[in-house]
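To start, the structure itself, in structure tokens.
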Amino acid sequence: SIKAKILEAQSEASKNTSTPTKMLKGLDKKLERKEDGGLYLAEQIWVLVYGNLRTLIMNEAHATRYSVHPGAKKMYYDLRGLYWWPEMKKDIAMYVSKCLTCSKVKAEHQKPSGLIQQPEIPEWK
């Protein structure tokens, strides 16, 4: 499961002591270890930059056969209750903007642009 992969990544990262505390920018003080051993910010599990965990989560939320390719805003609101990482909203927006299916569907909903035409100038009498 995704949660098991996140917990495994957190465990691996905690073994690696080469990460300077100043790189966490005070984040280590805000994170809380829960009974499952994971680090959480409030109720959201902290997703590290490790492997492709963030991409895996976004794939699950956006492009599985059970999802309907939500836009960036909806996808962020769906995921923010479960997961957290710095600049999450920006990452999700970037991910959705690169989705080919979404770009095709969005293009179909836009009004087709026509040729620019000169408006008629009324005659003054």
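Between Val49 and Ile116, the simple label model (points 7 Å from Cα in the Cβ direction) yields a spacing of 4.3 nm. Once both labels are positioned 7 Å from their Cα atoms along Cα-to-Cβ, the gap between Ser11 and Asp36 label points is 1.3 nm.
Stokes-Einstein at 4 °C, 1.567 mPa s, Kirkwood radius from Cα pairs: D for region 2-102 in µm² s⁻¹? The estimated diffusion coefficient comes to 89 µm²/s. Modelled label positions at Leu100 and Glu87, each set 7 Å beyond Cα in the direction of Cβ, lie 2.6 nm from each other. Remark: for residue pairs Lys15/Lys89; Lys74/Lys104; Lys73/Lys104; Lys34/Lys73, the C-alpha separation exceeds 26 Å in Lys15/Lys89; Lys34/Lys73.
Bear in mind these aren't lab numbers, they're just calculated from the coordinates by the rules spelled out. Computed from a prediction, not measured in an experiment: that's the story for all the values here. Methodologically, a virtual Cβ is constructed for each residue, glycine included, from the backbone with ideal geometry; neighbour enumeration extends over all protein chains shown.
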